[in-house]
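Only one structure is covered here, and it is reproduced in the block below.
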Amino acid sequence: MKLVLDGHGYKYAVEQAMLMFYPGERPDYSTGSGEGEREGLSARVRISRGAVYATATTAIRAGGAAYYGRARVRLSELEGALISDRLLQAAVRRSFYAAAVAATGHRPVWGSLTGIRPAKTVARMLEGGASLRAAGGALRRRYRVSPERAELCLAASRAAADVDCGLSRRDVMLYIGIPFCPTRCAYCTFVSSGTERSRGLIEPFLAALRAEMAAAARAVEALGLAVAAVYVGGGTPTVLSPEQLDGVLGHARSLFDLSQAREVTVEAGRPDTITREKLDAMRRRGVTRVSVNPQSMSDAVLRAIGRAHTSRDVIRAFGEARGAGFGDVNMDIIAGLPTDTPQGFAMTLDAVAALGPENITVHTLALKKGSRIALDGTGVPDGNAVSEMLDAAAGLLRGLGYSPYYLYRQKFMSGGFENVGWSLPGHMGVYNVCMMEELRSVIGMGGGGVTKLVCRAGGRIERIFNPKYPLEYTKRIESIIEKKLSISLSL
Ligand code: SF4
């Protein structure tokens, strides 16, 4: 799609809005005579400033017709570079949204919101003194968010407020990433290969991880922080042997003071890696919460996504987790997987709900570039089918007493939908809420670990990324440790 920006440089905002309506298009900023702009698909996005308002105007030309959208923001609201950029970018997206709805007739459920944390928009309104009700109204009217999605945002904001008031200023979260999986799922771009090929990298990786954990513990102590939650994710942490898993968890316990931690989660993930021995090791090491992730309870869908387990393995693993004493279990499922249908997804929902986990996280498939699905061009359910699946999930889960408590979006999600964490009363995952709403800092360790320093004074967030591949992580451990030791934080 030919794009022309006039009076601003907000390329990213324009491209995000473009992808919502024209996912197959790529931005083209080449300058020409203007003929191409009139003939093909194009958008001209302009910002002009008057005495009272800055106005964003989008003109989309498609099929020989022109469609217009406009959004404005008061100049008096444009205080400082950060806020000014945020509000002007939102105006750009809103104007693009209005023009694109007119051009395509399509109304995305998230309206003109494109970020990965839609509830943040509500958080900002609440910080500005708005009530939850007013924030919900603004989401619907200003950003054109559907009533159901606006309600999800409000639920996430309520959960964030609940969690926030139980935390102290000095609380911090720990993340430990184990970047190995038994096989690579068809929709994944995170791990490069299954453990068949990468098993030899595990021990060197664990040695490097122990060194990074020691550095992180020194930083946490020097900064006077208290660990409020721990999340061991991946990858699939349970690809480790019981001894290796016990070693990582034991090391964490000996380095960090976890006496005040509200939860310690291990993303057990693939049911085919979960054994009673590993679960017992986790319990002994104080793990309070595990994730057993079926993604689907249809064996045909599981085969289609390259998983080496069946729905029976899921039921067995869930039973083992209960048998080991876990009273807080999460299960992840995905709407929109290849070969799945709304009927098949309804069967998955029923089967998972019948097990009665305390948390169910309903993801929407993200078609990541570089994943096997994207490379092979594998067919996936269309946006309408995914919408039907998500509606069914919301209806069933609400009926069973689950409430939504955190949500996020990713790039290239089927139908532009979202991932939502649902929980039974009293079982919200503290780490998930803090992470998504950026309530406190996260010290990330291991493969793909992201350290996120939330400097509350000034609202600045600094991120430090660890390499995601084990070999790179192991090779670069010295510089990773150096960065850990130089962490500073203004609370
Ligand atoms: S379990 Fe997760 S990290 Fe592992 S291959 Fe599948 S999607 Fe990727």
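Nothing in this text is a laboratory measurement; each read-out follows from the coordinates by a stated rule. Source: prediction; values computed, not measured. So basically every Cβ, Gly included, is an ideal-geometry build from the backbone, and we count neighbours across all protein chains shown.
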Hey, how many Å between the Cα centroid of the range 239-271 and the Cα centroid of the range 74-110? 44 Å
Please work out the C-alpha center-to-center distance from the range 421-464 to the range 162-178 and express it in whole Å. 7 Å
Net charge (Lys, Arg +1; Asp, Glu -1) of residues whose beta-carbon lies under 13 Å from that of GLY426, GLY426 excluded, is -2
Where the Cα atoms of the range 1-106 are projected onto their three principal axes, how long is each span, largest first, in whole Å? 39, 29, 22
Over the range 138-281, one equal point on each Cα, no solvent: what is log10 I(q)/I(0) by the Debye formula at q = 0.09, 0.11 Å⁻¹? -0.40, -0.57
Quick check on the chain: helices-only [θ] at 222 nm, where DSSP H runs of length 4 and up contribute -39,500 (n - 2.57) each and the sum goes over total residues. Nearest 500, please. -13000 deg cm²/dmol
Please give the charge dipole size of the chain, origin at the Cα centre, charges +1 on K and R Cβ atoms and -1 on D and E Cβ atoms. Round to the nearest 20 debye. 1160 debye
What list of ³J(HN,Hα) values in whole Hz, one per residue of the range 417-430 in order, does the Karplus curve 6.51 cos²θ - 1.76 cosθ + 1.60 (θ = phi - 60°) give from phi, with Gly and Pro shown as x? 7, 7, 10, 10, x, 10, 9, 6, x, x, 10, 4, x, 4
Dipole of the chain, positive direction: furthest Cα of ASN359, MET347, ALA54, with charges on the beta-carbon: ALA54
Ordered by residue, what ³J(HN,Hα) values in Hz, to whole numbers, does the range 205-220 give under the Karplus form 6.51 cos²θ - 1.76 cosθ + 1.60, where θ = phi - 60° and Gly and Pro are x? 4, 5, 5, 5, 4, 4, 5, 5, 4, 5, 5, 5, 5, 5, 5, 4
DSSP-defined beta bridges in the range 1-106 - what % are antiparallel, rounded to 5: 75 percent
Want the number for THR341 to GLU438: 0.36 nm per residue separation, take away the alpha-carbon distance, what's left? 31.4 nm
Cα gyration tensor of the chain, axes a ≥ b ≥ c as square roots of the eigenvalues: rounded (a/c below 1.5), prolate (a/b > b/c) or oblate? prolate
If you stretched the chain out fully between LEU471 and CYS455, how much longer would it get, using 0.36 nm times the residue separation minus the C-alpha to C-alpha distance? 2.6 nm
Taking the Cβ of each residue in SER488, SER414 as the centre, tally the other Cβ atoms inside 10 Å and list the residues starting with the fewest. SER488, SER414
Vicinal HN-Hα couplings computed from phi for the range 371-383 (Karplus, 6.51 cos²θ - 1.76 cosθ + 1.60; Hz; Gly/Pro x): 6, 4, 4, 5, 5, 7, x, 4, x, 10, x, 7, x
How much length would be gained if the chain were fully extended between GLU243 and ALA308, taking 0.36 nm per residue of separation minus their Cα-Cα distance, in nm to one decimal? 21.1 nm
In the chain the cysteines whose Cβ sits 4.7 Å or more from every other Cys Cβ are CYS153, CYS165, CYS181, CYS434, CYS455
Can you tally the net charge around ARG285? Count Lys and Arg as +1, Asp and Glu as -1, for every other residue whose Cβ sits under 11 Å from the Cβ of ARG285. +2
Count the lysine pairs in the chain that are 8 or more places apart or on different chains: how many have C-alpha atoms under 23 angstrom apart? 23
Distance in nm between label sites at ALA134 and LYS369, each 7 Å beyond Cα in the beta-carbon direction? 4.2 nm
Residues in the range 144-167 reached by a label modelled at LEU223 [backbone nitrogen below 20 Å; 7 Å Cα→Cβ]: 164-167
With both partners inside the chain, how many of the DSSP beta bridges are antiparallel, as a percent to the nearest 5? 50 percent
Tell me, what is the FRET efficiency for GLU196 and VAL52 to the nearest 0.05, using R0 = 60 angstrom and their Cβ-Cβ distance as r? 0.40
Let's test the formula: R0 of 35 Å, r as the Cβ-Cβ distance of GLU148 and GLU478. What FRET efficiency results, to the nearest 0.05? 0.10
